[in-house]
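Trainee: This is the structure I have questions about; it appears just below.
The values are calculated or read from the model by the stated rules, or taken from the named source; none is laboratory data. Source: prediction; values computed, not measured. In this analysis, Cβ positions are derived from the backbone assuming ideal geometry, glycine residues included, and neighbour counts consider all displayed protein chains. With ligands, DNA and RNA removed, areas are computed over all heavy atoms of the protein, side chains included. Shrake-Rupley method; radii C 1.70, N 1.55, O 1.52, S 1.80 Å.
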Amino acid sequence: MTLWNRKAALIGQALAGLLLVSFASAGMGATLTIACGSGGAEMELCKRHADEWARRTGNIVKTFSQPTSAMDALSLYRQLFAAKSPAIDVVRIDTVWPGILKDHLVDLRPYAKDQLSQNFPAIIDAMTVQGRLVAMPWYIDAGLLFYRKDLLEKYRLPVPTTWSELKSTAQTIRSGERAAGHADFYGYVFQGKAYEGLTCNAVEWIASYGGDTIVDSEGHITVDNPRAVAAMGMAASWVGSISPRGVLNYEEEDARGVFQSGNAAFMRNWPYAWKLVTTDDSPVRSRVGVALLPKGGPDARPAAALGGWHLAVSRYSAHVDLAADLVMYMTSAEVQKRRAIEGGFNPTRPALYRDPDVISANPFMAGLSNVFDNAVARPSVSTGMKYPAVSRAIANAANDVLSGRSPADQAMRRLDAKLHQIERSRW
Ligand code: GLC
């Protein structure tokens, strides 16, 4: 079976399972299905809070475990929506999807009422397409650098602020640890598989070198520039030295696995990783620090890709009002506060960043306003419905450079041509 056939078969099985579930449990109250993230502790928290809503309202909520790769999840939803399937009532959507899925999602503005003004205005804007609120903000992500405090102390080195410092620090620690008998030790792990997560890393590298955002906010393709080439060349130089060749196939959870088991000095990941790497049974629990990702050089600025997941109601749901009520509960201040404390998920409500319980559970969140100031958006707004093709082209080009299949300058030139081809006459 080709990879694509295998994926289609898996998606088919997932859909068949969902349909069975919704028919089998018709009975008292309504039965709704909510899509939950499947990485880390997401499923457990999502299920817990959805069950609370079900108990309070006398309904039943089933959870659907969304594929870990955002690109696979998007393909699944597009198939469901094309078939006008009622199988999933509440859909978990990525920050970069509102423009792509807008026609299939219910306007939540009438349900949100006073909740709107309690969220960051920029996120409400990002979830609004042509005046319709297509999703309620749930949590925000920004790329962060996780590091081993104990190892920086041991080697008397500061937290790196430029990528070249990160490289030399990671090299020093890696050689020292290997010489001390830790054969599997690496310097830096990140997401290098050809999927949405690599698009995020590549946007961060390029923006942090002052090389813009691949396609700018007006839709101009800017990727074929010397800073972007330098950034990608730097990233390629890590693979097989400070980073294992395995990063070419890493998603978020793969990177976390290596870092959490004590086998890497640095990791790029999203805030959710904090709770997990510092949990009681984590081998590195009291040895982790969090910082801004490094920048390209002393005169550059660090860049954190902006991400996050939000809850939307499918137009094909048989229970639109109930589904919207479930969304309002899941995204409420009360649930966001518990998700922040128990799961390290960044609230979308400014008041929670001043909440002492939230900050003592996630000390790094107090400094996050700094990260959000440096956040860069992927080019999803400027490229609209074509963003999935754009992101796939970016991730493939970046993976080619990391794997050594293409030198950075050629890959950026080819990516530029590919993006023009996708754009054709307009985005
Ligand atoms: C995180 C982000 C999301 C991004 C994904 C890429 O889940 O929140 O925005 O698309 O990672 O892997």
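Trainee: Do we have any residue at all in segment 197-204 that's touching a residue at least 60 places away in the same chain (Cβ under 8 Å) and open to solvent by 10 Å² or more (accessible area, probe 1.4 Å)?
Mentor: Keep residues of segment 197-204 that are touching a residue at least 60 places away in the same chain (Cβ under 8 Å), which gives 197-204.
From what's left, open to solvent by 10 Å² or more (accessible area, probe 1.4 Å): none.
Taking every residue of segment 197-204 in turn, none turns out to be touching a residue at least 60 places away in the same chain (Cβ under 8 Å) and open to solvent by 10 Å² or more (accessible area, probe 1.4 Å).
Trainee: Considering only segment 54-65, I want to know if a residue exists there that is within 27 Å of S380 (Cα to Cα) and not hydroxyl-bearing (S, T, Y). Break it down into steps so the answer makes sense when it comes.
Mentor: Taking segment 54-65 first, the residues within 27 Å of S380 (Cα to Cα) are 64-65.
Now restrict to residues that are not hydroxyl-bearing (S, T, Y): 64.
Yes, segment 54-65 has at least one match.
Trainee: Do we have A142 as open to solvent by 20 Å² or more (accessible area, probe 1.4 Å), over 25 Å from K62 (Cα atoms) and either modelled with pLDDT under 95 or within 16 Å of the ligand (Cβ to nearest atom) (or both) here? Full working, then the answer.
Mentor: Working: open to solvent by 20 Å² or more (accessible area, probe 1.4 Å): no; over 25 Å from K62 (Cα atoms): yes; either modelled with pLDDT under 95 or within 16 Å of the ligand (Cβ to nearest atom) (or both): yes.
For A142, the condition - open to solvent by 20 Å² or more (accessible area, probe 1.4 Å), over 25 Å from K62 (Cα atoms) and either modelled with pLDDT under 95 or within 16 Å of the ligand (Cβ to nearest atom) (or both) - is not met.
Trainee: Across segment 142-168, which residue is farthest from V96 (Cα to Cα) among those that are among the acidic types (D, E) and touching a residue at least 60 places away in the same chain (Cβ under 8 Å)? Walk me through how you get there before you give the answer.
Mentor: Keep residues of segment 142-168 that are among the acidic types (D, E), which gives 150, 153, 165.
Going one step further and asking which of them are touching a residue at least 60 places away in the same chain (Cβ under 8 Å), we end up with 150, 165.
Values: D150: 37, E165: 31 Å.
Residue satisfying both the conditions and the ranking: D150.
Trainee: Something else now. Do we have any residue at all in segment 294-311 that's surrounded by fewer than 17 Cβ atoms within 10 Å (Cβ to Cβ), part of a loop (DSSP other than H, G, I, E, B), modelled with pLDDT of 95 or more and more than 16 Å from the ligand (Cβ to nearest atom)?
Mentor: If we filter segment 294-311 for residues that are surrounded by fewer than 17 Cβ atoms within 10 Å (Cβ to Cβ), which is where we start, we get 297-299, 301.
From the residues that got through so far, the ones that are part of a loop (DSSP other than H, G, I, E, B) too are 297-299, 301.
Checking the rest, the ones that are also modelled with pLDDT of 95 or more come to none.
The answer is no; no qualifying residue exists.
Trainee: Evaluate segment 210-220: report whether one residue or more is in a loop (DSSP other than H, G, I, E, B) and either within 16 Å of the ligand (Cβ to nearest atom) or in contact with a Cys (Cβ under 6 Å, 6 or more places away or on another chain) (or both).
Mentor: In the first step, residues of segment 210-220 are kept if they are in a loop (DSSP other than H, G, I, E, B); the result is 210-214, 216-220.
Next, from what is left, pick out any that are either within 16 Å of the ligand (Cβ to nearest atom) or in contact with a Cys (Cβ under 6 Å, 6 or more places away or on another chain) (or both): 213-214.
For segment 210-220, residues in a loop (DSSP other than H, G, I, E, B) and either within 16 Å of the ligand (Cβ to nearest atom) or in contact with a Cys (Cβ under 6 Å, 6 or more places away or on another chain) (or both): present.
Trainee: A follow-up question, please. List the number of the failed condition for A126; all other conditions in (1) within 16 Å of the ligand (Cβ to nearest atom); (2) more than 29 Å from S69 (Cα to Cα) hold.
Mentor: For A126, the exception is condition (2).
Trainee: Give me the pairs, please: first residue somewhere in segment 208-225 and closer than 15 Å to V390 by Cβ, second residue anywhere and open to solvent by less than 30 Å² (accessible area, probe 1.4 Å) and charged (D, E, K, R), beta-carbon distance under 8 Å, and either six or more positions apart or on two chains.
Mentor: Once the first residue is closer than 15 Å to V390 by Cβ and sits in segment 208-225, its partners that are open to solvent by less than 30 Å² (accessible area, probe 1.4 Å) and charged (D, E, K, R) give T213/R378.
Trainee: Turning to a different aspect of this structure: Would you please name the residue that is most open to solvent (accessible area, probe 1.4 Å), looking only at residues in segment 56-84 that are assigned to a loop (DSSP other than H, G, I, E, B) and touching a strand residue (DSSP E or B) at 6+ places or on another chain (Cβ under 8 Å)? Show your work before the answer.
Mentor: Keep residues of segment 56-84 that are assigned to a loop (DSSP other than H, G, I, E, B), which gives 58-59, 66-69, 83-84.
Next cut, touching a strand residue (DSSP E or B) at 6+ places or on another chain (Cβ under 8 Å) only: 59, 66.
Values: N59: 23, Q66: 3 Å².
Here the answer is N59.
Trainee: Taking the condition open to solvent by 20 Å² or more (accessible area, probe 1.4 Å) and modelled with pLDDT of 95 or more, does Q421 pass? Write out each step before concluding.
Mentor: On the way: open to solvent by 20 Å² or more (accessible area, probe 1.4 Å): yes; modelled with pLDDT of 95 or more: yes.
Here the answer is yes, as Q421 does meet what is asked.
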